[in-house]
Amino acid sequence: MKILGISGSLRKGSWNSAALREAVALLPDHELSIAEIGDLPLMNQDLEQDGTFPAPVERLRAQITAADAILFATPEYNASIPAPLKNAIDWASRPANTLAGKPAAIIGVSPGALGTSRAQYPLRQTLGVLAVQLLGQPEVFIGAAAQKFQDGKLTDAGTREFLGTALAAFVAFAGRVKIG
Ligand code: FNR
């Protein structure tokens, strides 16, 4: 299966991007590539011309269209979706909505105890409106990140095992519901 990973964090040392890289290792039988969203312009409808978009937006939209499934890794910013991720989703949603019908799952990493739940629920709301087919369970809230990641790698064995189980559920789900 061709999976596109989208991290909501632009920082080099991101725990969420590290979790996506770990997902690549945990899914050796699938092709998981990670999208670049840091060069997308801020949503501005004036940048759309007759259904065409700025080059980085066209690139992301093509990557989403080509993917069988999408794996979102989101930080929590002020109890909600981080702006870079919302911006990417907003561009992807413009007609024709490239996310419609795509199977997807959400994972998230935070330093605190809540593990991005306050970002994941509003993200679920937005993706639901866009007709994304979201995996319901298991939910993946990875808290206490400082104790689980070292040098940009997920080193906590229990968390890796849990992530592996969740990803297996995701690819099984995506295989069942994917279009085409
Ligand atoms: C944060 N952070 C944060 N963490 C959290 O658990 N709940 C929150 O509401 C917020 N709010 C917040 C706002 C802003 C603007 C920033 C920059 C950060 C902290 C956040 O979880 C932390 O920076 C993580 O390391 C971000 O994820 P990455 O970049 O490591 O993937």
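Things worth noting here:
- Verdict on Gly136 being open to solvent by less than 50 Å² (accessible area, probe 1.4 Å), in contact with a strand residue (DSSP E or B) (Cβ under 6 Å, 6 or more places away or on another chain) and not hydrophobic (A, V, I, L, M, F, W, C): no
- Any hit, the stretch 44-61, residues being in contact with a helix residue (DSSP H, G or I) (Cβ under 8 Å, 6 or more places away or on another chain) and of a type in the set (Lys, Arg): yes
- Failed condition for Ala157, given (1) within 27 Å of Ala67 (Cα to Cα); (2) more than 11 Å from the ligand (Cβ to nearest atom): (1)
- Given (1) at pLDDT below 95; (2) of a type in the set (A, V, I, L, M, F, W, C); (3) away from the ligand (no atom under 16 Å from the Cβ); (4) under 19 Å from Glu76 (Cα atoms), index of the condition Ile179 fails: (4)
Okay, residues lined up against (1) within 16 Å of the ligand (Cβ to nearest atom); (2) at pLDDT below 95; (3) in contact with a helix residue (DSSP H, G or I) (Cβ under 8 Å, 6 or more places away or on another chain):
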position: Ile70; (1), (2), (3): no, no, yes
position: Ala73; (1), (2), (3): yes, no, yes
position: Asn78; (1), (2), (3): yes, no, no
position: Pro84; (1), (2), (3): yes, no, no
position: Asp90; (1), (2), (3): no, no, no
position: Leu99; (1), (2), (3): no, no, yes
position: Pro111; (1), (2), (3): yes, no, yes
position: Gly115; (1), (2), (3): yes, yes, no
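- Checked against (1) open to solvent by less than 10 Å² (accessible area, probe 1.4 Å); (2) at pLDDT below 95, Ile107 passes all but condition (2).
- Residues in the stretch 41-68 that are of a type in the set (A, V, I, L, M) and within 18 Å of the chain's Cα centre (by Cα): Val57, Leu60, Ala62, Ile64, Ala66, Ala67.
- Among (1) in contact (Cβ under 8 Å) with a residue 60 or more places away in the chain; (2) open to solvent by 10 Å² or more (accessible area, probe 1.4 Å) - the single one Ala157 does not satisfy: (1)
- The set of residues in the stretch 117-154 being within 13 Å of the ligand (Cβ to nearest atom) and of a type in the set (Ser, Thr, Tyr) consists of Ser117, Tyr121.
- Residues of the stretch 112-124 that turn out to be open to solvent by 20 Å² or more (accessible area, probe 1.4 Å) and either charged (D, E, K, R) or free of Cβ contacts under 8 Å to residues at least 40 places away in the same chain (or both), as a count: 6
The values are calculated or read from the model by the stated rules, or taken from the named source; none is laboratory data. Given the structure is predicted, the values throughout are model-derived calculations rather than measurements. Note that we place each Cβ from the backbone using ideal geometry, even for glycine, and neighbour counts take in every protein chain shown. The area values use the complete protein model at the heavy-atom level, side chains included, leaving out ligands, DNA and RNA. Shrake-Rupley method; radii C 1.70, N 1.55, O 1.52, S 1.80 Å.
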